[in-house]
Amino acid sequence: MHILFDINVVLDVLLKRKPWVTEAIAVWRANDEGQIIGYILASAMTDIFYIARRLAGLEIARTTVRTCLEAFEICTVDRQALEQAEALQELTRL
């Protein structure tokens, strides 16, 4: 199963944010164990870096980005992806 991780789930794990960290770790673990294939948007990486840097400092921010790159597939959102999504929506309206 392919899962797109929300940026908040990623930050909950990496920054140990309560009260959500326990549930977020469970989903992350499923990704690590190969039960799911986790994806994160490329645009989320800059947000993750920015938020982690503000909350935890530069070194933690760099570590969070490296961790995400190791853990997840990275999705780009470009014109082609948006056009494909629109085409899928058209099919569901039929």
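Listed values, structure above:
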| read-out | value |
| --- | --- |
| Complete set of residues in region 10-25 that are part of a helix (DSSP H, G or I) and either at pLDDT 95 or above or hydroxyl-bearing (Ser, Thr, Tyr) (or both) | Val21, Thr22, Glu23, Ala24, Ile25 |
| Yes/no for Phe49 being among the aromatic types (Phe, Trp, Tyr), out of contact with any Pro (no Cβ under 8 Å at 6 or more places or on another chain) and farther than 20 Å from Met1 by Cβ | yes |
| Filtered residues of region 52-77 (kept if closer than 21 Å to Ile3 by Cβ and without any contact (Cβ under 8 Å) to a residue 40 or more places away in the chain) | Val65, Arg66, Leu69, Glu70, Glu73, Ile74, Thr76, Val77 |
| Residues within region 49-70 that are within 24 Å of Glu33 (Cβ to Cβ) and either touching a helix residue (DSSP H, G or I) at 6+ places or on another chain (Cβ under 9 Å) or aliphatic (A, V, I, L, M) (or both), tallied | 6 |
| Yes/no for Thr76 being surrounded by 10 or more Cβ atoms within 10 Å (Cβ to Cβ), under 26 Å from Ala30 (Cα atoms) and of a type in the set (S, T, N, Q) | no |
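The values are calculated or read from the model by the stated rules, or taken from the named source; none is laboratory data. Every value quoted in this text rests on a predicted model; they were computed, and no experiment measured them. Neighbour counts are summed over all protein chains in view; Cβ atoms, including those assigned to glycine, are modelled from backbone coordinates with ideal geometry.
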